[in-house]
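Worksheet for the structure shown next.
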Amino acid sequence: MYHILIVDDDKTNLSAAKNALSGTYKITAVTSGEQALRFLKNNVCDLILLDINMPEMDGFEVMERIKSDPEHANIPIIFLTADADPQTESRCLEAGAMDFIAKPFVLNVMPSRISRLLELEALRKDLAGQLEERTRHIKHIQRMMVLGMATMVESRDMSTGGHIKRTSMVVEIFAAKLAQNKSFLSKSFLEKVIRAAPMHDLGKIAVDDVILRKQARFTLAEYNAMKIHSAEGARIVKQILEGIEEEEFVKIAVNIAHYHHEKWDGSGYPEGLSGEEIPIEARIMALADVFDALVSKRCYKDAFPYDEAFEIIENSSGTHFDPQLAKIFLECRPQLEELYQNIT
Ligand SMILES: [Fe+2]
Ligand SMILES: [Fe+2]
């Protein structure tokens, strides 16, 4: 049964409305805005009938306060007023009321207007729910496709099997530590960085197999060909995410792909950015990326022992890595060692 809250300081109107509706709906009747707000603190309802002219808090103020609370912002409100002039009517609708009922009530009209409005509201909720579900589904498919692409790209590169998965887990551990240390990095930002991490090397799709699979050191020309993966990755990531994912996430994912090989001292690629010019998401990724490369076995090198790997990270603080981030990354050592012991 729908629950309707009626707010009117005039007790005669209140009981008229209550009598007309109480057979069909659950009714809560209160005589002031204050009482209505108090009721809404601990209760929910499906519709509010709100008198405009009340002493102390008028209907407009009550409505503004209800709408400013995200939990109640979507409850439809019908204004009740004795001043049924066009100005009042348009002010009510502009303020966000769903409808407007003149007092005294025409008793056989009011219930049908209310039932129509509740029907419409139920339909709106249903559609909004369906849309949300569909959007969630599309996003899920899209995420799976991106991960699939990343895995496909990785499978061409014999030397880095598991790199995408591992770096993502490293970023996750690092992000948890950053959340404790750096209050300016919000939880939602860090979540996006974690979600974008698997896409960092997507641009390798544009690098020739011969180069990706080369078992010896790169020539300069090969190294340059390999380097295009960052700018190319940014282009691809933007193309597949734009319009589907929210803007901030697209920006983070693009920056990670584009700038994860930049270095703090400006000696990285592709743009030679330095210091804080490098987006922080890419500075975070750089640490995870290099760490995994160090402690994993590649066809051209053995895995470095942890002592040596962490020493390299420490010594590259301020040259390759953002010193503040590197310091926090080093604090993740116990968790990182545990992670690699479990996955290798
Ligand atoms: Fe890369
Ligand atoms: Fe990488």
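A short reminder: the numbers here are calculations on the coordinates, not readings from a lab. Remember, it's a predicted structure, so these values are computed and weren't measured experimentally. All Cβ positions, glycine included, derive from the backbone under ideal geometry; neighbour counts span all protein chains shown.
Relative intensity of the chain on a log10 scale, I(q)/I(0) at q = 0.12 Å⁻¹, equals -0.82, per a Debye sum over C-alpha point scatterers of equal strength in the absence of solvent. Calculated on the alpha-carbon coordinates, the convex hull of the range 157-343 measures out at 113 cubic angstrom per residue.
If R0 is 35 Å, what FRET efficiency do you get for residue 91 and residue 271 from their C-beta distance, rounded to 0.05? Plugging the Cβ-Cβ distance into 1/(1 + (r/R0)^6) gives 0.05. For the pair residue 191 and residue 135, label points projected 7 Å from Cα toward Cβ lie 1.4 nm apart. Kindly express, to the nearest 10 degrees and within the range 0 to 90, the angle between helix 306-315's C-alpha long axis and the longest C-alpha principal axis of the chain. Taking the Cα atoms of the chain, the angle to 306-315 is about 80 degrees.
Pull out a ≥ b ≥ c, the square roots of the eigenvalues of the alpha-carbon gyration tensor of the range 3-128, then state rounded if a/c is under 1.5, prolate if not and a/b is larger than b/c, and oblate in the remaining case. Don't jump to the answer; show the numbers that get you there.
Details: a/c = 1.17, a/b = 1.06, b/c = 1.10.
Judged from the Cα gyration tensor, the range 3-128 comes out rounded (a/c under 1.5).
If each DSSP helix of 4+ residues adds -39,500 (n - 2.57) and the sum is divided by the residues in the chain, what number results at 222 nm, nearest 500 deg cm²/dmol?
Values: 14 runs with 199 residues, N = 344.
The helix-only estimate for the chain comes to -18500 deg cm²/dmol at 222 nm.
Note on the chain: GNM, Cα springs under 10 Å; of 297, 177, 11, the largest mean-square fluctuation is that of 11.
Working ranking of peptides 191-198, 123-130, 282-289, 220-227 by packing, defined as the average number of other Cβ atoms within 10 Å per residue, highest first, is 282-289, 191-198, 220-227, 123-130. Neighbour counting of Cβ atoms within 10 Å sorts the residues 276, 311, fewest neighbours leading, into 276, 311. Within the range 261-300, name every residue whose backbone N is under 16 Å away from a label modeled 7 Å from Cα of residue 308 along the Cβ vector. Residues 291-300 fall inside that zone.
Residues of the range 233-248 falling in the label zone of residue 156, defined by backbone nitrogen less than 15 Å from a point 7 Å along Cα to beta-carbon, are 233-237.
Packing here is the average count of other Cβ atoms within 10 Å per residue, and on that basis the peptides 234-244, 65-75, highest first, run 234-244, 65-75. Rounded to the nearest 10 degrees, the inclination of helix 33-42 to the longest alpha-carbon principal axis of the chain is 50 degrees. I'd like the orientation of helix 333-343 relative to the chain: the angle between its Cα long axis and the longest Cα principal axis, in ° from 0 to 90, rounded to 10. Once rounded, the angle reads 80 degrees.
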